[in-house]
Amino acid sequence: MCMVVMVILMSAVSATLSVAVSLQSSAKSSKEADYAVVLAEAAVDRALFEMQTARDIEADGIGNGAGALGGGNYTVTCTPAWGTGTEYTLRGVGVVGRIRRGVQAVIARPASNVGFFGITNVRMSGGLVDSYDSSGGSYVSQAGAGHAGSNVTLGSNGNIDLSGAPEVWGNATPGPGYLVTGATAGVSGSTAPAAAPLSFASVPYAPPLSSSGAFSGTQTFTTGSYRYSTFTVPGGETATFSGTVELWVDGNFTISGSGSGVLSAGAKLVIHHGSGDFTISGGGIINSNQSPADLKVESSTTGDVTVSGSAAFFGSISAPSAAGIVSGSGGIYGAFTANSMNLSGGSNLHFDEALGSGGGAFEVRVLLPFKP
Amino acid sequence: MSQRPVMPLRFLMVLALCIGAFTAMSSAQQGDDPTHDPARGKIDELLDKWRTSRTKIPVEDLAQALAGTGRGSATYLCELVDNKRHTIPIRAVAMAIGRQRQQGSLATLTRLLEAPEVNERVAAVEALELFGSRECLDLLARTLDEERDEVASRAEAALLVPGHPREILVQTVVGRLRHAKDKGRVARVLGRLGGKESRAALLELLSEPNERSHLAALQGVWCFEDFGDGSVVLQCYRDSTVVAVKKQACLVLGKLGFRSAVRDMIDALRSEDKGLTANAHWALGKLTGLKLKADSDLWEQWWTRTGREQTRTSGS
C-alpha cells in the first residue's frame, strides 16, 4: 500500500517537474523566437540604410549583409541586385540557437517625376517649369507652343507660393495639409497635397583624399579625384573637366563674372561640396553634351546653393540642407532638390525625365514574416 | 573781551553755498548733454564689440543687451536707425526697439517699414511683432500686401504669433480684407485665426462676383480648422466657370469631408482638364476613404452599387 502511494506520489512529482521543465523550455524558445524576429528586422533595416545612403558597408553589394549581434546571427539579401531595377526584395533572417525567423520587405524606388523640390517650402516668381527627355533629343526639339512636356512635379513638404504669372506644366504638389498659394491658375496639373512627406537622405561629405588647399584660376582636370579647401573660377578663367572627374570642395565653390567651367564632350563630373556657399553664375558650367546625367552636384552645406546668370545649367543638384536659389535667364535642365527653393527673375526649370528617380524617395510596400 | 569773528564765518558760508550751487548746475548740464548719457555709452560699447568681434554675436543676444541699456536708450536707438542704418546691425537694433515698446519709437519703425532694402523691412516687421500694440497690428496687416514675399510672409507669421489680443487682431485683419491687393494672404490669416467673425468675412468674400476673391476665400477656408458646412463651397464649385477656382474648391470640399460633393467630384473625373481631374480624384479619396484609381467608370460602379446609398445615409 505504501509502495503504491509512493509510486503515485513520485509519478506526480515527476509529471510536475516535466511540465515545469517543458514550460521553461517553451518560454526560452519563445524568447529566442522573438529575438530572432528582432534580428531579422534589424537586418532589413541595415539593408535599407545602405540603400538610402548608397553605401556598401561590407563590400558585399548594397542591400546584402551578415553579422552577429547579442548572441544571435543575421543575414540579409537583396534581389535583384541593387541598381538593376525599381523594386527590390529584402529578406532578412535572424538565427538564435536553433530558432530561425525571417522578415521580408519589398522596397520600391519608382521612377519619380519630382524634378524640383524645396523640402520646407518653394517660392516661385514668374518663370516656367516643364519636362523633356534628354535621351530623345534636345529640349528645343521637344518644345512647342512655349513649353515641352508636362511630366514633372514641382514639390515641397510645405507650402508652394506662386507669384507673378508662373507656368507649371505639370503638378505643383505641396506637403500634406499644405497649399499651393497665390497665382495657381498657371498650374496645368494637380495642386493637391501629397499623401505623405518625402524623405531625403542627407548628403554625406567624406572626401577620401587630402586637400590641395585653395584653388583659383585656369586648369584642366583629367580623369581622377581632386580635393580643395575652396574652388574659385573668377572672371577670365576657365576650369575644364575632361574624362571622369570627382571634385571634392570643402568650403566655398564659386564660378562668377566671365569665369566658366567646361565639361568636355564625353566627360562626367561629380562635385561633392562640404560647407559654405555654392555659386554658379557668370559663364556657368558649359555641359558640352547637354546631358544632365553627366553633371552631378551633391552638397551637404547648410548655406546657399545658387544658380544664376544667363548660362544654362545642364545637371542635377542634390542639396537637401541648403537654401536653393535660382534666378536669371539661363535656367536649369535636369533636377534640383534643396531645403528651401527660391525661384525668381522668371527662372525656367526643365526636368529631364531621363534622370528617372529625381525624388530619391523610397517606399516600403510590403513587410511580412516568412519561414526561412 | 575780544569780538567774535562773524565776518569770516559768514563769508565761508556764502562761499560754500556758491560752490554747492555751481556743482549742482554743472551736474544738471552734464545730465542734459547726450554725450554723457550712460545708456548711449553702453549702446556704443555694445556696437563697437559687435564691429570688432571675430565671432558673430547672435542677433537675439545683442538685441536683448541693447534693450537692457536703460532709460533713454530708445531715443538713441531710433536715432541710429534713422541716421546710421548702414553702420549698425539693423535687425538687432530694431528688435531692441521693439522690446522696449516706447510709444515714441513707432515713427522710426514705420519709416523702417518703407526702407529700400528688403532685410531692413523684415527687421521692421520683427520689431513690430515684439512691440505688439494695436498700431503695430495695423501696420503688420498692411504689410500683408508687401511686394516682396519675404516681407509679406514674415508679417503673416508675425500676426499669427500667440499673445496678440485676438478680438482686436481679427477686427484689424478683417478691416484690411476690403483694401488688400493680395486678398489670398489676408484670407489665409483669417482662416488660421478662426472664429465667427473670420468665418463671416470669408463667406462674404466667397460671395463676391470675381474669381480672385473666390480663390482667396477658398484658401482661407482651407486654413480654417473647423469651418463646418461646405454647402457654400459646393455652390461656388458648381457656379464657377474658372478651372482654377473649381480645382481649389475640390481640395476644400475634400478637406471639409463634405460628402454631398461626391457626385460632383465623380462627374469632374470626366473633365478634359487633367488638373481638375487630379484634384477631384484627391477629393474623392478624402470623402470616401477609398483608394480607387482616377477612373470615372470605376467610381460610377461604386456610386451605383453602394456610394449613392452611403452618401444619402451619412449626409455630410
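Below, the figures for the structure above:
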quantity: Per residue value of the accessible surface for the range A:227-287 (all protein chains in place, 1.4 Å probe), Å²; calculated: 30
quantity: B:Glu272, B:Glu309, ranked by accessible area, largest first (probe 1.4 Å); calculated: B:Glu272, B:Glu309
quantity: Interchain or long-range residues, amide H under 5 Å from A:Tyr178's placed H; calculated: none
quantity: Residue among A:Ser310, A:Ser14, A:Ser138 with the largest mean-square fluctuation in a Gaussian network model of chain A, springs linking Cα atoms under 10 Å; calculated: A:Ser14
quantity: Amide hydrogen neighbours beyond the local backbone of A:Asn342, cut-off 5 Å, H modeled; calculated: A:Arg123, A:Gly324, A:Ile325, A:Val326
quantity: Gain in span if fully extended, B:Leu203 to B:Asp226, counting 0.36 nm per residue against the direct Cα distance; calculated: 6.9 nm
quantity: Accessible area that becomes buried as A packs against B, both chains, 1.4 Å probe, Å², nearest 100; calculated: 1300
quantity: Table column - 3J(HN,Hα) (Hz), the range A:113-126, Karplus curve with 6.51, -1.76, 1.60, x for Gly and Pro; calculated: 9, 6, x, 9, 9, x, 4, 8, 5, 10, 10, 10, 10, x
quantity: Amide H contacts of A:Val187 (H built 1.01 Å from N, under 5 Å, at least 5 apart or other chain); calculated: A:Val168
quantity: Theoretical gain in end-to-end length, B:Asp82 to B:Arg305 [0.36 nm per residue, Cα-Cα removed]; calculated: 73.1 nm
quantity: Percent RCO, i.e. relative contact order, over chain B, from Cα pairs under 8 Å lying at least 6 residues apart; calculated: 8
quantity: Cα centroid of the range B:254-316 to Cα centroid of the range B:35-92, whole Å; calculated: 60
quantity: Peptide ranges A:143-156, A:315-328 listed from the most packed, as the mean C-beta count within 10 angstrom indicates; calculated: A:315-328, A:143-156
quantity: Residues in the range B:182-205 that, when all protein chains are in place, have 30 Å² or more less accessible area than the chain alone would give (probe 1.4 Å); calculated: B:Arg188
quantity: Relative contact order computed over chain A (Cα-Cα under 8 Å; 6+ residues apart), in percent; calculated: 15
quantity: Greater than 22 Å apart at Cα, pairs in B:Lys84/B:Lys181; B:Lys196/B:Lys246; A:Lys371/B:Lys291; B:Lys246/B:Lys286; calculated: B:Lys84/B:Lys181; B:Lys196/B:Lys246; A:Lys371/B:Lys291
quantity: Backbone HN-Hα couplings from phi across the range B:49-61 [Karplus 6.51/-1.76/1.60, Hz, Gly and Pro as x]; calculated: 5, 5, 5, 9, 5, 6, 8, 5, 7, x, 4, 4, 5
quantity: Ranking by accessible area, most exposed first, for B:Arg154, B:Arg176, B:Arg54 with a 1.4 Å probe; calculated: B:Arg54, B:Arg154, B:Arg176
quantity: Karplus-derived 3J(HN,Hα), 6.51/-1.76/1.60, for each residue of the range B:96-105, Hz, glycine and proline x; calculated: 4, 4, x, 5, 6, 6, 8, 3, x, 7
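The values are calculated or read from the model by the stated rules, or taken from the named source; none is laboratory data. Only a predicted model underlies this, so the values are computations on that prediction, with no experimental measurement involved. Here Cβ is always computed from backbone atoms with ideal geometry, including for glycine, and neighbour counts include all displayed protein chains. Heavy atoms of the whole protein, side chains included, go into the accessibility calculation; ligands, DNA and RNA do not. Shrake-Rupley method; radii C 1.70, N 1.55, O 1.52, S 1.80 Å.
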